[in-house]
Structure formats: structure tokens, C-alpha cells
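The values are calculated or read from the model by the stated rules, or taken from the named source; none is laboratory data. Here the structure is a predicted model, which is why all the values come from computation and not from measurement. Note: ideal-geometry Cβ built from the backbone for every residue, glycine included; neighbour counts use all protein chains shown. Surface areas here come from the heavy atoms of the whole protein model, side chains and all, with no ligands, DNA or RNA. Shrake-Rupley method; radii C 1.70, N 1.55, O 1.52, S 1.80 Å.
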Amino acid sequence: MSLAKSYQPAEIEQDWYQYWEENGHFAPSNNPDAEPYCIMIPPPNVTGRLHMGHAFQDTIMDTLIRYHRMKGDNTLWQAGSDHAGIATQMVVERLINQEGKTRHDYGREAFTEKVWEWKEESGNTITQQLRRMGASLDWENERFTMDDGLSESVKDVFVRLFDMGIIYRGKRLVNWDPVLLTAVSDLEVINEDEDGFMYHVRYAFVDGDAPEDRAYMEIATTRPETILADGALAVHPDDERYESLLGKRVHVPMTDRIIPIIADEYVDPEFGTGCVKITPAHDFNDWEVGTRHDMEIINLLTPDAKMNDNAPEAYRGLDRFDARDQIIKDLQAADLMVKIEKHSLKRPRGDRSGSVIEPYLTDQWYVDLTRETLDDGRPGGKAIITDPALEVVRSGKINFVPENWENTYFQWLENIQDWCVSRQIWWGHRIPAWYDDAGKAYVAESEEAVREKYNLAPGFNLRQDNDVLDTWFSSALWPFSTLGWPEQTERLSTFYPTSVLVTGFDIIFFWVARMIMAGVVFMEEIPFHEVYIHGLVRDSHGQKMSKSKGNVLDPIDLIDGIELEALLKKRTEGMMQPHLREKIAQQTKDDFPDGIVAYGTDALRFTFAAMATNGRDINFSTGRIEGYRNFCNKIWNAARFVLMNTEGKDCAADHDNYELTTVDHWIISRLQYAETEVVRGFEAYRFDRSSTAIYEFIWNEYCDWYLELTKPVLNSDDTSDAIKAGTRRTLLRVLETAMRLAHPIMPYITEEIWQKIAPLAGKSGDTIMRA
């Protein structure tokens, strides 16, 4: 029954996790009288590894789940992972590149099989790491965004939206990655501050259109290669400088094309000369202006960002940046370059490829997020998808914590654009659309269903769309597809709507809003009641953790410990710049001269909880986790003291022949106060307050005061047996309750101690998780 002499987290953690999982303690109780409580895990990428943000977020979710499980609620923490289309395809493509092959050498079917093989062998590393964090997910019902059930629900939703007229195919601008050769979402674009240039260029007036005081219009651009596709020059309608020039025409430099000068309120008269070039096929804002003015749309680029046949012959086939260099030389030679100035700009790069992203004109599938009328003529009166998603938050059916994040949600939905859902890759949910030889699209769950739905002859030629759906499309269905929808399963009726979504602010647009939209349309019910938005985990200096800064901490290293040499190798691996490697190596030696010691999972989790104030970023320091490792030691030693003084002795567990001292009454009153504070904190998502109440009670009041005050009582020959029995009873019962209070945050140490003291305190049960 006794505890080991010293607290060694590695010796208890994995044994307890295995015990919990093997005995089904993570599964819902399915008690019909219990209140359902459900959290959906934000599905980590199958390519992912646990980072500090995951560890922080998962600690919060597991704390909530363990708290509600101990309250007696019927709890479900839904496990699962995301297929991460682009990221996973890149991993597997790199592997086959090492064989000297490309995915095209394999072909679509064989390549997809290769990805599935990789997923089974090497994927889901992060789910094993989640287990190391003590995450009590319902692993028996783990889902994957490309498993059979979820794949069917994705096709079902696509077909329904198409039949409603809400999904359509159109030629529009998208974020295009010229290395990956696919459209990418805004979330996959990183806008980086970079040094560039502003080029001031002259556009000569057409003969007869030039005013007396000028022969040219001057514009400024950061992308002179796109001049070749200009559709107009634009000025603000209220700009008196150019009022007389509206409708006049100018020559597009280096081409034989002529374009007009137009007025549009998009133009800022204070910027540059107050006159801007409009290139609808190569700029998102210009696309809107071009659409308003029915402008010619000219795409200059091939999918891999070379100049296509729409460019003058001199530039065809050149890479976009080589074309830029040549055009600059030609503009200078023609005396059309006024000046070149240094200019700071935000350059969009793909987060996977690092390539500069292009606004690119291409055929894609879209979800219409502003449509107000269905195809059958029924008026919606409101945007069919967007307005209900706004209303459920405005009415308080869904609450954001902290509340100010509602404004971010409203701002995005009130200014929403149609959602491009197609991606030009092979790994993902293939779009359930088929085309005939004339290019007409037919949409249904399968080719057989298409033929039946559209009454097509058996020999009628069809080919399936090659594109797959954006990963966020399947993720939007996560709260109900994981529970069995479109089938009306018992899990779906029990746990939908879910209780709370725990996530970061960066995916309010991309995931949170889309889940709400999907829920109100397909379930006619909100997907969750509350959205708890947590902050970022930063380093001890408040800087964002990134590989380039060399300040990344691996949660598993903090749990297990890592020697300095191994840590240095980890932090500098793959870095090409020697000066950067040296800087990071020195910083690492300064921060961790002896490497990182093993702190254990409970100390790490308690650190996260203690720093989890409402929505604020946290600056993580090893000083804090070291302090909470000491807290674990304190608890361990207190439990050893209690066991030494209670095992084999009268603890009044089964009789009333005991007497409590004033000190016993005092510690019980302090325990009751701590209970109130801990519960209040959990209920309000103030994990910092709960952890502070636990720490203050156990360390300061129970250990430093009460344990010391019991020693003379228990060791004195003058103390009556009834008082000693009362003191032992209080020692045990207060510690047993304290372990239950701390368990949601510190699952391992509390289980180990509870198993030893619960029987002495008159408690029984297989695990503290259900206590």
C-alpha cells in the first residue's frame, strides 16, 4: 500500500494510462439519467507532431472532460484526426522523390494507396503523443476525416448543396501555389514583411486623347510583369485632377493594347499619383473593379507561374520573376520607367512550399455564402447559410469566451466571400462531379447515381472531376459526421449539440464559422453551446515559438527530459545558414546549460492550467514548470506522511467514536472554501483560478500548517484515542478530497495516491476518474 520513497512520474504515468484505456474508462457512461457533456477535439493533422499549442489546448479539454466525468455527466471527448490534404501529399511525394519517381509515375490510384500505407505506418504520431499528455479521449470510437462514414457524409453534403444551388463551378481568382499547383486557402498563406521595390511607369496617351499639359499617365506598381494584362487605369471619381481625363485612352506599355481611364471608388487618391493600374486576372481587388466595369480579363501565367501565350512573344515561357527583370529593362530602354524606389511590402507565401502565392484565374468549385434564393424559386429573405450562422451568436445560443471574439466572428461573416472548396491534388475527398464530352457537369454520390439522377444512357461518356475538396470542407462537418450523420444514431441524438469547442483564435474564420454554418443548415441546430478561445503559448520572452527562432519547446521533452546535445541537434537540424545555427545553439546553451530535466506530465499540465487566463497568450518558462514539479513532490511527500500515520491504525472509517479538534475543523472549512473556488473556476473556464485554489490549499494550508499541527497530536501519549482517530480520519479524508479536486488537471499523481488512501478513507471504486 505504501508509496515509493520519491516521486518518479515515469514510473507511474504509462501504467495508469494503459489501465484507464484498457478498462474503457474514457468511454461515455451512457447513463440515460446523466447529463450529456461532449467536446470535439480539433482534429490534428495526420502528419502532425504535438507542439506546445496542442499540449496547452488538450490540457484544457482534458481538464473539462475529467471534471464533468467526475460530476457524473455522460461525457464524450471525440477522438479523431484530419487527412490534411496538401501536407500529407507533400510528405509522401518527398518519400517517392527519394526513389527518383513522382506521383505521376505511380498514377492516381497507386499513389493514393501509397498515402494510405504511409498513414497506417507513420501517421497518427500525434495521437500517441496525446496519450502521453494524459488525454482521456474516446479512442474506441476514433474517427478520421477520410474513413468510410465521414467520406459518405462529405459527398452527401456536397450533393445537397449543389442541388440547392449553393455550390457552383466558376472561373474566378484564387490563391494559387505555383509549386504545389493547387488553389490554397487564406489560412495556408503567410503574408511576410519583405523588402521590395515600387516601380513608377508611364502610360502614353493615344493620339488625340492627350491633354495639352501631359503626354503620359504615371502609375506605381510592385509587380511590373502584370502590366501586360492591364484592363484599365483608374482614378477616384471625386479626384478633380483627373476629371477631364475620364474616358481617355492610353497605350499599355510593351504591348499593342489600348485601355481606358475609368473612375472607381476603390482608388485611394492620396496613394502615389492617385492613378492605379487595374489588372483583373492578377489582383483580388482589381478583380472586383474589373467585374464592376465589365473589363477584359487576361491571364498571363501558366499554372507553374511562367508567362503564357497571352503575353507578348518576347516574354513567353519566362518565369514570372525573369519576365519582371526583362520588362524593367525594356521599360527603361523605352524611357517609360520614371523611377524605382525601395518599398516594404507584404509578400504572400505558401506555408507548405514557401513559394510566392499568385492570384490566379482558374475554374474552381465554390460555396455561395451570400445567396438568398434557392434554385426552386423559394426566397430565403436572408443569406441561406450566413445569416442563420450570425443569428445563433447574436441571440446568445452560442457564446464566445472571452466575449470579445464575437466581434471577430461577426466582422468576417458580415464581409464574407464565396468559399473556394476545390483543390488540385490527389489526396482528399474527390469531388462527386462527372463531365460529359461537352464539359457539362453532373453531380451525385457516384457515377451510377449520376446516370440514374440525370437519366443518362449506359454508354453515355462521363469522366470524374480530378479535384478534391478543401480539407476545411470535411472539417466543417466534424461535430455531427463523427457521431454517425447522416444516419440518426444514438450517439448523434445524445451528444449533438456538443457542449463546448476549445480552439485558438486563428481558425475562427476557417473552422469555427464553417462548423456553425454546416450545423444550422444540415442539423438545423447549433454544433456547440460555447466557444472557448485560448491564447498562444509563447516563449519566456513573449516571442512566438518558431523553428526559425530556435525557441520551440517539445512537450514530450519537458515530460521525459532531454540532454543538451540531443536538444541542440533537434533545434538546428535542417538549418542551412551557419550563423543562424550558431545563434540558436548559443541561445539553447544559455537557456538549458544541462539540457531539460524530466518534469513529468502532471507538472506540465498544471503549468498550463495555472497560466490559462481568459484568452490571453501565455509566456512559458521552465521556472514555472520546475515550481510545479516541486508541488508534485510536496503532494507525494504529504501522502507518504499520511500513509505512515494511518495504515494499520484506527482512522474512524467505519465508526463514529472519534473527536475533531479545532485544527481539524479549520482545515475542513478551508477545504470547503477550496472546493467552491475550484468548481467556480472550472465552470467559468478560469483554470488559473482553479489551479491557484488547489495549490494554495494543498501547499500552504494542508502541508505547511495542518500536517505540522497534527504531529504533536498523533505523537503525544496524552492525546485521547478518539482525538487521534479524528485527526487520522481528517488527514485521510481531506487528502482524498484534495486529490479529487486536483485530478482533472493532474491525473497521474492523483490516481496513484488516491488508490492508496481511498480505502483507508472509506472510499471505493476502480479509478479516481469516476470518483
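Quick look at the numbers
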quantity	calculated
Members of segment 675-696 that are part of a helix (DSSP H, G or I) and among the aromatic types (Phe, Trp, Tyr)	PHE682, PHE687, TYR695
Total residues in segment 218-236, condition under 38 Å from the mean Cα position of the chain (by Cα), surrounded by fewer than 23 Cβ atoms within 10 Å (Cβ to Cβ) and charged (D, E, K, R)	1
Flag if GLN364 is polar (S, T, N, Q), in contact (Cβ under 8 Å) with a residue 12 or more places away in the chain and not in a loop (DSSP other than H, G, I, E, B)	yes
Count of segment 167-213 residues which are aliphatic (A, V, I, L, M), in contact with a strand residue (DSSP E or B) (Cβ under 6 Å, 6 or more places away or on another chain) and outside any strand (DSSP E or B)	1
Residue tally, condition more than 14 Å from TYR7 (Cβ to Cβ) and either touching a Leu at 6+ places or on another chain (Cβ under 7 Å) or open to solvent by 10 Å² or more (accessible area, probe 1.4 Å) (or both), over segment 739-764	10
The listed residue being in contact (Cβ under 8 Å) with a residue 24 or more places away in the chain and in contact with a Lys or Arg (Cβ under 8 Å, 6 or more places away or on another chain), out of TYR685, TYR658	TYR658
Subset of segment 56-77 that is open to solvent by less than 10 Å² (accessible area, probe 1.4 Å) and of a type in the set (A, V, I, L, M, F, W, C) - its residue that is farthest from SER499 (Cα to Cα)	PHE56
Listing of strands (runs of 3 or more DSSP E) fully contained in segment 238-332 that carry 1 or more residues being among the basic types (Lys, Arg), open to solvent by 40 Å² or more (accessible area, probe 1.4 Å) and on the phi < 0 side of the Ramachandran plot	249-251
Filter result for GLY648 (touching a helix residue (DSSP H, G or I) at 6+ places or on another chain (Cβ under 9 Å) and among the small types (Gly, Ala, Ser))	no
Whichever residue in segment 553-574 is part of a loop (DSSP other than H, G, I, E, B) and modelled with pLDDT under 85 and, among such residues, is least open to solvent (accessible area, probe 1.4 Å)	GLY574
Within segment 489-515, tally of residues that are over 21 Å from PRO44 (Cβ atoms), in contact with a helix residue (DSSP H, G or I) (Cβ under 7 Å, 6 or more places away or on another chain) and either open to solvent by 30 Å² or more (accessible area, probe 1.4 Å) or in a helix (DSSP H, G or I) (or both)	1
Qualifying residues in segment 106-152 (those that are under 19 Å from the mean Cα position of the chain (by Cα) and either of a type in the set (Lys, Arg) or over 25 Å from ASP62 (Cβ atoms) (or both)) - the one least open to solvent (accessible area, probe 1.4 Å)	MET146
All positions within segment 575-599 that are open to solvent by less than 40 Å² (accessible area, probe 1.4 Å) and within 19 Å of SER540 (Cα to Cα)	ILE584, ALA585, THR588, PHE592, GLY595, ILE596, TYR599
ASP207 being at negative phi, touching a residue at least 40 places away in the same chain (Cβ under 8 Å), loosely packed, with under 14 Cβ neighbours inside 10 Å and not hydrophobic (A, V, I, L, M, F, W, C)	no
Residue satisfying all of: in segment 333-361; outside any strand (DSSP E or B) and among the hydrophobic types (A, V, I, L, M, F, W, C); least open to solvent (accessible area, probe 1.4 Å) among these	ILE357
